[in-house]
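The values are calculated or read from the model by the stated rules, or taken from the named source; none is laboratory data. Keep in mind that what you see is a predicted model, and the values were worked out from it rather than measured. Virtual Cβ from ideal backbone geometry, glycine too; neighbours counted across all protein chains shown.
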Number of protein chains: 2
Amino acid sequence: MNVPTGRGLLPRRSFLGSGLALSAASLGPAVYAAPLAARMPDSMKTLGGADQAYGQPAAHEQAVLRVAHPTAPQTAGFAIWRTPLQQQRGIITPSGLHFSVHHNGLPDIAPQRHELMIHGLVKRPLRFDLERLMRYPMVSRIHFLECAGNSAANALSPTARNETLGDLAGEVSCSEWTGVPLSYLFNEAGLQNSAKWVVAEGADGGSHARSLPLSALLKDGMLALYQNGERLRPSQGYPMRLFMPGWEGNVSVKWLHRLEVTDQPAYTKDESGLYTQILSNGQIERFAFHMDVKSVITHPSGLQTMPEPKGFYEIAGLAWSGHGRIAKVEVSTDGGASWAQAQLHGPVLDRAFTRFTLPWQWDGKKATLMSRATDELGRSQPTRADWKRRYAMQSFHHYNAMQAWRVGSDGRVENVYA
Amino acid sequence: MNVPTGRGLLPRRSFLGSGLALSAASLGPAVYAAPLAARMPDSMKTLGGADQAYGQPAAHEQAVLRVAHPTAPQTAGFAIWRTPLQQQRGIITPSGLHFSVHHNGLPDIAPQRHELMIHGLVKRPLRFDLERLMRYPMVSRIHFLECAGNSAANALSPTARNETLGDLAGEVSCSEWTGVPLSYLFNEAGLQNSAKWVVAEGADGGSHARSLPLSALLKDGMLALYQNGERLRPSQGYPMRLFMPGWEGNVSVKWLHRLEVTDQPAYTKDESGLYTQILSNGQIERFAFHMDVKSVITHPSGLQTMPEPKGFYEIAGLAWSGHGRIAKVEVSTDGGASWAQAQLHGPVLDRAFTRFTLPWQWDGKKATLMSRATDELGRSQPTRADWKRRYAMQSFHHYNAMQAWRVGSDGRVENVYA
């Protein structure tokens, strides 16, 4: 199980306490010799600068930004901002880098004027202001959120685009979400016997709206008020959003202002058109909410360059599943011919990013890196060819095929279809 | 066990699926009646604004900031910035609000010029630049960090100061830290037989330095490069810091540039003076690294006002221990005369914030709220009187006595000694 099978892959725990450690032999020695005083940096000889009341990243990290979709017409209200996953280490995405897709710009909502309405097939139609909602019991959960259209370029482009991981698959992020279970609010409103669906509508200029099965909302739905410990950011739906763990991002309606309980879906424009998928047999997949099991290698990944022509590297990445916990991640360096099991780093949480790593002694020759995640239900990732066989040519939602990176003998890393 | 014993405290899971739910009866009904169109907010009638490449909090949340220590001379390089814990929900502190204490200002360090040296009682003195360090295997851990002097006002002030929780106890935060286990670097350098201690020095203007037992660093020490998924912020030690989970914050030396392996402590100015504590019997407690078990109620807390004169409230807070996991948290509404067990929210992690809640039906009369955490080793919080008996009058480090909040019949919440 732990025996490396791929070219140069080392047992997953080999680094710690074994002879295979990353040593001077693999990186080359870096002996410190000069006198200490000569190595005292300038910053030790002067008083430093002032801090600020709300901290920001270092000036030297200004290139670590969300990536705007190159063709999305940002100025007309539709925008896609992607997380630079190739620069993330750990399972928490900083809120400033959380991906965001919005169809009609960011509404500026004064929280003291915002209301949430619950109406339709309820016994007591209710409205809530923020002060009232803040008094309800809240739960906190660490969950990923992924856009239905994440990785569209890999689904649609006939040849693999040579882009960064963030460009290719950065419409997924992971945060700690805190808010009020929707079951509390629905129970207070009282559900009529015919209640089956809920239409959730945002207070944005496009009235983004989705129909969701009531039973799922009662089990898992949250009215999210906080992200990573602080109130939601504007691009995440300030002052409140619906949050459905593991489901495609657009159903977690941002700037939520209305929950209408119904006996059937509303077939809103957002769900009968945009978020419906056509299968290769011509049938339509509608209300396919769950995001499937998926993984990406973040280091090394597209457009990165290996700093040395061979030697030790840690292969690192993130895996997630909309169905539950990640059970295992396998890594290949030979394009899927052989696989070795990666180490999962805890905490391994339900419907959250799980970090995986595997040590790799690169021989400097061409290699094709791939990762394949399996979740606790036994669901695993398809090849790109298998995924394409299932869906019509123009379909691109819920793409979860294995991502492959070609490492050239010149150290360049690029996206390939394998 | 689950039976409420305090005045108005409800069983910890009572809200969900029981007759004790927060209903219209406790909050009063809020029936929605007006026609839908009349309730359409302005934000739905217009195109929203543009997003930005690095997201920021909502303009309406500009008051949620770190709190500067009122008497610390910020301009002279010494500064304390505290986390507004009373506004945090969840276990992750946003990096922009993570507390920071620095003695000599924030050094501005160009990462490509920064070096980490390992020297002293090693076989091969080594130096590492950032590019090299980034190739080592990394681990990720969610841990709190607390300043040794957190809650100093409660320790020292003869009368309880009427301040917010952030003012009183905001020198503690919790993040996901990612970096290289120090054991990898020490093993590569090769330890001499006489190696027992390590002096860690920062590249700041004051050369902040602390001596740490080598065995602890080998077991738990991390060279932290990332916080909450992105590179460290300047006030957290950019480009790298030492991180020792559960230990007083100042030993997690920021802007780390040197680890000198020695056979005894260096008795640096920072440890022989500032971070040494005097007991009430005149003895000195030195190298007492672990932060003890502690908890605070964040909602309701100091300077908050109950929005209604009685009714349902969720008591919520955070607990942590430098020795391990939180095992239980009890809550009292009568100043410690009776206690009920709070619900712990997962994930309950080793040396991390753990969120706790307990439903409370407030009768509108004066109440004194307290929380008491117990960790998996059975360690629990002392009363303030017990804590004061142990230490000399001028001592204030490692204060972990139970925090009490007086809720007045006018709904005002204030800090009290109970």
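Exactly one residue out of A:Arg82, A:Arg89, A:Arg66 is at the interface with chain B (Cβ under 7 Å from one of its Cβ atoms), basic (Lys, Arg), under 28 Å from A:Ala352 (Cβ atoms) and in contact with a helix residue (DSSP H, G or I) (Cβ under 9 Å, 6 or more places away or on another chain): that is A:Arg66. For the stretch B:52-77, the candidate set comprises residues that are modelled with pLDDT under 85 and part of a loop (DSSP other than H, G, I, E, B); within that set, the residue that is nearest to B:Ser235 (Cα to Cα) is B:Gly77.
This table checks each residue for (1) crowded, with 23+ Cβ neighbours inside 10 Å; (2) outside the structural domain of B:Val180 (by TED's automatic domain parsing).
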position	(1), (2)
B:Gln227	yes, no
B:Pro265	no, no
B:Asp270	no, no
B:Pro300	yes, yes
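Residues that are outside any loop (DSSP other than H, G, I, E, B) and free of Cβ contacts under 8 Å to residues at least 24 places away in the same chain within the stretch B:346-386 comprise B:Ala385, B:Asp386, listed in sequence order. Scanning the stretch A:216-252 for residues that are within 14 Å of chain B (Cβ to nearest Cβ) and part of a strand (DSSP E or B) yields A:Met222, A:Leu223, A:Ala224, A:Leu225, A:Tyr226, A:Gln227, A:Gly229, A:Glu230, A:Arg231, A:Arg241, A:Phe243. For the stretch A:292-324, the candidate set comprises residues that are over 27 Å from A:Leu377 (Cβ atoms) and part of a strand (DSSP E or B); within that set, the residue that is nearest to the chain's Cα centre (by Cα) is A:His299. Among the candidates A:Ala401, A:Ala340, A:Ala418, A:Ala373, single out the residue that is touching a Ser or Thr at 6+ places or on another chain (Cβ under 8 Å) and at pLDDT below 95. Just a single option satisfies the conditions, and that option is A:Ala418. Under 21 Å from B:Leu218 (Cβ atoms), touching a helix residue (DSSP H, G or I) at 6+ places or on another chain (Cβ under 8 Å) and modelled with pLDDT of 95 or more: is that true of B:Leu145 in this structure? The answer is yes for B:Leu145.
Based on this model, can you work out whether A:Ser183 counts as part of a helix (DSSP H, G or I) and at the interface with chain B (Cβ under 8 Å from one of its Cβ atoms)?
Here the answer is yes, as A:Ser183 does meet what is asked.
Tallying residues that are of a type in the set (Phe, Trp, Tyr) and within 14 Å of chain B (Cβ to nearest Cβ) within the stretch A:321-358 yields 2. Looking only at the stretch B:279-291, which residues are surrounded by fewer than 20 Cβ atoms within 10 Å (Cβ to Cβ) and either part of a loop (DSSP other than H, G, I, E, B) or modelled with pLDDT under 90 (or both)? Within the stretch B:279-291, B:Ser280, B:Asn281, B:Gly282, B:Gln283, B:Ile284, B:Glu285, B:Arg286, B:Phe287, B:Ala288, B:Phe289 meet the criteria. Looking only at residues of the stretch A:304-337 that are modelled with pLDDT of 95 or more and in contact with a helix residue (DSSP H, G or I) (Cβ under 8 Å, 6 or more places away or on another chain), we find that the one that is surrounded by the most Cβ atoms within 10 Å (Cβ to Cβ) is A:Leu318. Taken over the stretch A:155-175, the criterion of being more than 16 Å from A:Trp247 (Cα to Cα) and either of a type outside the set (S, T, N, Q) or within 8 Å of chain B (Cβ to nearest Cβ) (or both) is satisfied by A:Ala155, A:Leu156, A:Pro158, A:Ala160, A:Arg161, A:Glu163, A:Leu165, A:Gly166, A:Asp167, A:Leu168, A:Ala169, A:Gly170. If you go through the stretch B:116-140 and pick out every residue that is surrounded by fewer than 21 Cβ atoms within 10 Å (Cβ to Cβ), more than 7 Å from chain A (Cβ to nearest Cβ) and under 19 Å from A:Ala58 (Cβ atoms), you end up with 4. Evaluate the stretch A:187-203: report whether one residue or more is aliphatic (A, V, I, L, M) and at pLDDT below 95. Within the stretch A:187-203, one or more residues are aliphatic (A, V, I, L, M) and at pLDDT below 95.
Is at least one residue of the stretch A:287-296 among the aromatic types (Phe, Trp, Tyr) and touching a strand residue (DSSP E or B) at 6+ places or on another chain (Cβ under 7 Å)? Yes, there is a match, as at least one residue in the stretch A:287-296 is among the aromatic types (Phe, Trp, Tyr) and touching a strand residue (DSSP E or B) at 6+ places or on another chain (Cβ under 7 Å). All conditions in (1) assigned to a helix (DSSP H, G or I); (2) of a type in the set (Lys, Arg); (3) surrounded by 19 or more Cβ atoms within 10 Å (Cβ to Cβ) hold for A:Arg389, with the sole exception of (3).
Against the condition under 19 Å from B:Gly246 (Cα atoms) and either of a type outside the set (D, E, K, R) or within 14 Å of chain A (Cβ to nearest Cβ) (or both), how does B:His98 come out, does it pass? It is true that B:His98 is under 19 Å from B:Gly246 (Cα atoms) and either of a type outside the set (D, E, K, R) or within 14 Å of chain A (Cβ to nearest Cβ) (or both).
Within the group A:Gly96, A:Gly48, which residue is small (Gly, Ala, Ser), touching a Lys or Arg at 6+ places or on another chain (Cβ under 9 Å) and either at pLDDT below 65 or crowded, with 22+ Cβ neighbours inside 10 Å (or both)?
Only one candidate passes the filter, namely A:Gly96.
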